[in-house]
Amino acid sequence: MLVVEDLKTYFYTRRGITKAVDGVSFTLEAGETLALVGESGSGKSVTCLSLVRLVPEPAGRIVGGRVLFQGEDLLEKSPAQMRHVRGKQIAMVLQDPMTSLNPALTIGSQVSEVVRLHQGLRGSTLRERVLDALSRLRIPGAETRLRTYQHQLSGGMRQRVSSAIAMSCEPRLLIADEPTTALDVTIQAQYLELLKEVQRSTGVAVILVTHDFGIVAAHADRVAVMYAGRIVEMGSTLQVFDNPGHPYTRALLRCLPDVELTRHELVEIGGQPPDLARLPPGCPFAPRCPERQPICDEAYPPSVPLGSGHAAHCWVAAGAHA
Amino acid sequence: MILQAIGLKKHFPATSSFHVGRARGWIKAVDGVSVQVAEGETLGIVGESGSGKTTLAKLFLLLERATEGTLLFEGKDVRAFTRQDFARYRRSVQAVFQDPYSSLNPRMRVEHIVSEPLPSDNGATRAEVGERVREILELVGLRRDSATLYPHEFSGGQRQRIAIARALVTYPKLIILDEPVSALDVSIRAQILNLLKRLQERLGLAYVMISHDLAAARYLSTRLAVMYAGKVVETGECDAVYTEPLHPYTQALLSAALPLHPSARRQRIILAGEVPNPANPPPGCRFHPRCPRAMPQCESQEPEWREIKPGRFAACHLY
């Protein structure tokens, strides 16, 4: 349904070219959940913005690649055509509903705007549709909520409203960019459960951007681990957790405290995430990598297949595989 | 016992913007909290936003005055403090905040930031202070020559190290850690958590760690207090609380924390509803509207704080 090939998005700044997304490729099937995980600055969010062509211009530009959505390349569409895709076929939920909802408009007008524009509904059918969208996200008292403003709602309820807006036109793809980071843990559990339910009933594909491996473990079918603008490892959730192929993935999994385990020693990852404007020529993780080899500083490693649908970009894995 | 809180309360007046000064009601941010911190231990305080964790930290740091209740520092009531007692308290109890981007003054050099908690009349010469700062910087894993740099020259993790150095410069007994790793990148969190642990072992520090990150709290804490709507609902040894939570809220909170493996999907308790409004908390047990095991008496009777098992305290009618 979605095929992304060699996507490149660069930012042109005074300090030089920042390669925020540098050759990202992945595919996504209907009904599937793909998690994009990585630290801040790894290119997760810019990847999502590139898919819907919302990269802030003129500083940022998509300089290469293809985004095939249901067979059509989104990068070749005109801005007017894109407006019909966004909100209707591809919808987004952002991290902070405080900023993604308009504080000056009622909830009702914000939900109905999307439905009116994309489905051309008016009057009572529009109203019915809006109520339907709100109740699908289990927003209690939807009738009265139509006239409220975002500041009258709690954080969890706001995130449900923005998800209701996203799901109102029954999109085929939902991009959820850190949807629960601003929510409390019990509210996060509520929200993720609800998202799963909506996904089961509508068959929408989800790209879930997160830095929380707990969410990935519980909610994703497949995982793409990003580092410095590239996907360094991709596979099914079980493959990646049980048999991580990239030293970065291994290091991340060992450095996180787990609620289940008591006091296993946390293994630190030394150093800092790299500066995207001054990337080293070889593997960007090499300076922090415990398994670094001379070749790692020379060239970016190729994709090494590790099993069906599981691959990692790493010279060490390539050596072991050969 | 370094610090002991007995029935600590903090109520903020809820004023309307038109009638400044006239209270319409009271926001009960902290409403009767009794906890204690002993030498060398880490008390983890976990709870969701609005549960009163941060207000409690402010009470501990004497940044807020308690409405009711007693705070004892080494057995002495803070209300009976003399000037010397206050000076000693400020030296002994330090803090590290969540966001090292806003907690460090961008116009000060690191040397100045780290030495600021030292009293001006400590009798040390400038060279001695400079030496002490450099020693502490080394202790937290920074280079000695970082002292002459400004905060913007450091990454998030390094800034948090500077904040920790500032807390350590007075040789404190207790450090209040308010979400110490929440603002940091995941690959940096382990560095800071390990550093805090090493420092504790080496210097015999006690910590109060306020966190909504249950995994990080478990990693550092020896004892745990779970807060809900201004009250502590359960305390106990950290491992005991995590393996066998007693209060239904603790059970739900811990079940909502996601384990780090896909096959570890366990029984999840999904709570309905939201955290109550602290201006108007529900009568009886504050958790009863969301509690999956609520009984009739929970709606009217406030549960008593009792020792349910040796070392395990909770306020719940189930026991």
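The values are calculated or read from the model by the stated rules, or taken from the named source; none is laboratory data. Please read these numbers as outputs of a predicted model, since none were measured by experiment. All Cβ positions, glycine included, derive from the backbone under ideal geometry; neighbour counts span all protein chains shown.
The number of residues in segment A:83-97 being surrounded by fewer than 19 Cβ atoms within 10 Å (Cβ to Cβ) and touching a helix residue (DSSP H, G or I) at 6+ places or on another chain (Cβ under 7 Å) comes to 1.
Listed here are the residues, each with its yes/no results for (1) without any contact (Cβ under 8 Å) to a residue 24 or more places away in the chain; (2) more than 15 Å from the chain's Cα centre (by Cα); (3) farther than 27 Å from A:Arg136 by Cβ.
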site	(1), (2), (3)
A:Tyr191	no, yes, no
A:Ala205	no, no, no
A:Leu208	no, no, no
A:Met234	no, no, yes
A:Gly270	yes, yes, yes
A:Pro273	no, yes, yes
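Residues that are of a type in the set (D, E, K, R), within 14 Å of chain A (Cβ to nearest Cβ) and closer than 23 Å to B:Pro276 by Cα: find the helices (runs of 4 or more DSSP H) completely inside segment B:1-120 holding 1 or more of those. By residue number, B:53-60. Please determine whether any residue of segment A:182-195 is in the same structural domain as A:Gly309 (by TED's automatic domain parsing) and within 30 Å of A:Lys19 (Cβ to Cβ). Within segment A:182-195, one or more residues are in the same structural domain as A:Gly309 (by TED's automatic domain parsing) and within 30 Å of A:Lys19 (Cβ to Cβ). Residue by residue through segment A:170-190, note down the ones that are surrounded by fewer than 22 Cβ atoms within 10 Å (Cβ to Cβ) and either out of contact with any Leu (no Cβ under 9 Å at 6 or more places or on another chain) or of a type in the set (Phe, Trp, Tyr) (or both). Selection gives A:Glu170, A:Pro171, A:Thr181, A:Ala182. The set of residues from segment A:238-250 being crowded, with 18+ Cβ neighbours inside 10 Å and within 7 Å of chain B (Cβ to nearest Cβ) comprises just one member, A:Phe241. Out of curiosity, is B:Pro180 in contact (Cβ under 8 Å) with a residue 40 or more places away in the chain, of a type outside the set (A, V, I, L, M) and in contact with a Leu (Cβ under 6 Å, 6 or more places away or on another chain)? Spelling it out, it is not the case that B:Pro180 is in contact (Cβ under 8 Å) with a residue 40 or more places away in the chain, of a type outside the set (A, V, I, L, M) and in contact with a Leu (Cβ under 6 Å, 6 or more places away or on another chain). Take the residues in segment A:9-48 that are basic (Lys, Arg) and surrounded by 18 or more Cβ atoms within 10 Å (Cβ to Cβ); name whichever of them is nearest to the chain's Cα centre (by Cα). Among those that are basic (Lys, Arg) and surrounded by 18 or more Cβ atoms within 10 Å (Cβ to Cβ), it is A:Lys44. Return a yes/no flag: does segment B:17-32 have any residue that is in contact with a His (Cβ under 8 Å, 6 or more places away or on another chain), basic (Lys, Arg) and touching a residue at least 12 places away in the same chain (Cβ under 8 Å). Checking segment B:17-32: at least one residue is in contact with a His (Cβ under 8 Å, 6 or more places away or on another chain), basic (Lys, Arg) and touching a residue at least 12 places away in the same chain (Cβ under 8 Å).
For segment A:290-302, a residue qualifies if it is of a type in the set (A, V, I, L, M, F, W, C) and either surrounded by fewer than 18 Cβ atoms within 10 Å (Cβ to Cβ) or assigned to a loop (DSSP other than H, G, I, E, B) (or both), and the qualifying residues are A:Ile295, A:Ala299.
Table: residues versus (1) in contact with a strand residue (DSSP E or B) (Cβ under 6 Å, 6 or more places away or on another chain); (2) of a type outside the set (D, E, K, R).
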{"position": "A:Leu105", "(1), (2)": "no, yes"}
{"position": "A:Gln110", "(1), (2)": "no, yes"}
{"position": "A:Gln119", "(1), (2)": "no, yes"}
{"position": "A:Arg145", "(1), (2)": "no, no"}
{"position": "A:Gln150", "(1), (2)": "no, yes"}
{"position": "A:Pro171", "(1), (2)": "yes, yes"}
{"position": "A:Val198", "(1), (2)": "no, yes"}
{"position": "A:Gly203", "(1), (2)": "no, yes"}
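In the set A:Gly60, A:Gly64, only one residue is crowded, with 20+ Cβ neighbours inside 10 Å and at pLDDT 90 or above; that residue is A:Gly60.
Among the residues of segment A:67-77, those identified as outside any strand (DSSP E or B) and either touching a residue at least 60 places away in the same chain (Cβ under 8 Å) or surrounded by 13 or more Cβ atoms within 10 Å (Cβ to Cβ) (or both) are A:Gln70, A:Leu74, A:Leu75, A:Lys77.
Restricting attention to segment A:276-287, the residues that are modelled with pLDDT under 90 and either of a type outside the set (Gly, Ala, Ser) or more than 26 Å from A:Ile17 (Cβ to Cβ) (or both) total 5.
Here A:Leu134, A:Leu174 are screened, and the one residue that is over 14 Å from A:Val114 (Cα atoms), away from chain B (no Cβ under 14 Å) and out of contact with any Ser or Thr (no Cβ under 8 Å at 6 or more places or on another chain) is A:Leu174.
Within segment B:162-182, the set of residues being part of a loop (DSSP other than H, G, I, E, B) and either under 18 Å from A:Leu266 (Cβ atoms) or basic (Lys, Arg) (or both) comprises B:Lys173, B:Glu179, B:Pro180, B:Val181, B:Ser182.
Selection of first residues in segment B:300-319 that are of a type in the set (Asp, Glu) and of second residues that are crowded, with 17+ Cβ neighbours inside 10 Å and outside any loop (DSSP other than H, G, I, E, B), restricted to Cβ pairs under 7 Å at least 6 apart or on distinct chains, gives the following pairs, ordered by first then second residue: B:Glu304/B:Ala315; B:Glu307/B:Phe313.
Being within 14 Å of another protein chain (Cβ to nearest Cβ), within 21 Å of B:Gly32 (Cβ to Cβ) and more than 15 Å from the chain's Cα centre (by Cα) holds for only one residue in B:Pro276, B:Pro259, B:Pro282, and it is B:Pro276. Screening segment B:197-255 for residues that are in contact with a Pro (Cβ under 7 Å, 6 or more places away or on another chain) and at the interface with chain A (Cβ under 9 Å from one of its Cβ atoms) and picking the one that is surrounded by the fewest Cβ atoms within 10 Å (Cβ to Cβ) gives B:Leu254.
Would a scan of segment A:252-275 turn up a residue that is more than 13 Å from chain B (Cβ to nearest Cβ), in contact with a helix residue (DSSP H, G or I) (Cβ under 9 Å, 6 or more places away or on another chain) and either farther than 26 Å from A:Lys19 by Cα or not aliphatic (A, V, I, L, M) (or both)?
Checked against the condition, which is being more than 13 Å from chain B (Cβ to nearest Cβ), in contact with a helix residue (DSSP H, G or I) (Cβ under 9 Å, 6 or more places away or on another chain) and either farther than 26 Å from A:Lys19 by Cα or not aliphatic (A, V, I, L, M) (or both), segment A:252-275 yields no hits at all.
Among the residues of this structure, B:Ile188 counts as one that is within 20 Å of B:Arg143 (Cβ to Cβ) and out of contact with any Phe, Trp or Tyr (no Cβ under 7 Å at 6 or more places or on another chain).
A single member of A:Ile165, A:Ile231 is β-branched (Val, Ile, Thr) and either within 14 Å of chain B (Cβ to nearest Cβ) or closer than 30 Å to A:Phe285 by Cβ (or both), and it is A:Ile231.
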